[in-house]
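The values are calculated or read from the model by the stated rules, or taken from the named source; none is laboratory data. Note that this is a predicted model, so its numbers are computed, not measured. Here the Cβ positions follow ideal geometry from the backbone for every residue, glycine too, while neighbour counts run over all protein chains shown. For accessibility, only protein heavy atoms count, side chains too; no ligands or nucleic acids. Shrake-Rupley method; radii C 1.70, N 1.55, O 1.52, S 1.80 Å.
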Amino acid sequence: MSNEHIEPGDEDETAQAESLDPKIAHHSTYIDETKRVLRTYVECKSYEELERKVVEDNILNKNTDEYRTNILREITRRHIHDREEYTETPLMQIMATDVRSDVTDWCLYYEFAQDPFIYLVTREFLYPEFERGTLSVQTVDIVTFIESIQEDYADLRDRSESTINEAATKYLTALRNFGLLEGSQRKEFAVTYVPDETIAYVVYRLFQKGAKSASDIIEHDDWKLFLMNESEVQRRVRDISPQYVSYEKRGSTERLITKHDSMEELINGF
């Protein structure tokens with residue numbers, strides 16, 4: 001089936017560049033809490049009811065109303081863009097489906113890393129370091145990189161040294177929590193395996209975001225979030241063909257066609 005049928009929501013690539021505020025790196029990643037909140041949201045389909053369950057019923061088992069409210073606010077900022085009208089995103093669909101936890105975790109990481117600050121640092125600094133054969137990174141390395149681009153981004157220009165340091169520290173902690181890095185002070189690149197289902201999820205999401213061809217998919221910068229180069233992407237896309245896509249490469253000709261018409265169909269097939 002043609003990838004042109006993928007829906008909902010064509011997304012513009014320029015959304016990546018709308019802001020470079022490092023505040024997302026100032027919070028815990030809330031992996032388990034995010035999964036619980038999004039599953040609950042899918043069940044109740046009402047933000048008001050979700051808020052009641054989190055704050056009053058304490059479904060997250062946190063000590064204070066303030067802490068519960070803060071967690072919900074952070075998860076909402078990242079993953080729920082309209083409190084008035086319920087809209088089920090692909091990530092919510094994944095969370096509401098009975099699939100393996102490694103699949104949901106890597107899909108959650110992919111959506112988490114769409115934040116412009118996380119995206120830029122990973123694509124422009126971490127991925128090149130990984131490709132270069134660097135074994136580990138430290139906070140000072142991230143700080144140096146941020147300082148090198150600080151004047152290019154209005155959101156970073158007036159940030160204090162302590163804010164940049166905290167953002168760098170929290171960035172590395174977030175990627176460790178998701179399993180891309182490991183270690184305490186010095187973060188080493190972890191040996192990871194992204195499940196086939198997550199590879200399929202990303203391929204379909206890239207079509208949603210405006211990719212039109214096989215080369216658009218294979219060469220997309222989003223794969224750098226998983227520290228995957230082009231040849232690795234080609235190999236992994238072959239891995240999910242013909243189950244989730246039909247992928248062929250003959251000489252200079254590439255062909256990639258989705259097997260499902262929507263994200264929902266894909267996720268139901270996991």
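Assorted remarks:
- For the stretch 37-51, putting each phi into the Karplus relation 6.51 cos²θ - 1.76 cosθ + 1.60 with θ = phi - 60° gives couplings of 5, 5, 4, 5, 4, 5, 5, 9, 6, 8, 5, 4, 5, 4, 4 Hz, in residue order, rounded to whole numbers and with x for Gly and Pro.
- Computed FRET value (nearest 0.05) for residue 219 with residue 101, which takes r as the C-beta separation and R₀ as 41 Å: 0.85
- Straight-line reach from residue 249: taking Cα to Cα under 29 Å and skipping same-chain neighbours fewer than 8 places apart, the lysines in range are 209, 212, 224, 259.
- Relative contact order [Cα under 8 Å, 6+ residues apart], the stretch 135-245, whole percent: 23
- Note on the chain: with neighbouring protein chains present and a 1.4 Å probe, carbon and sulfur make up 41 percent of its accessible heavy-atom surface.
- Cα pair count fraction exceeding 22 Å, expressed as % - the stretch 117-217: 41
- Each label point was placed 7 Å from the Cα along the Cα-to-Cβ direction; for residue 238 and residue 190 their separation is 2.8 nm.
- Extending 7 Å from the Cα toward the beta-carbon at both residue 23 and residue 161 defines two label points whose distance is 2.5 nm.
- Its alpha carbons give the chain an Rg and a Dmax of 19.0, 61 Å.
- Contact order relative to length of the chain, as percent, for alpha carbon pairs under 8 angstrom and 6 or more apart: 30
- 1.4 Å probe accessible area per residue over the chain, in Å²: 49
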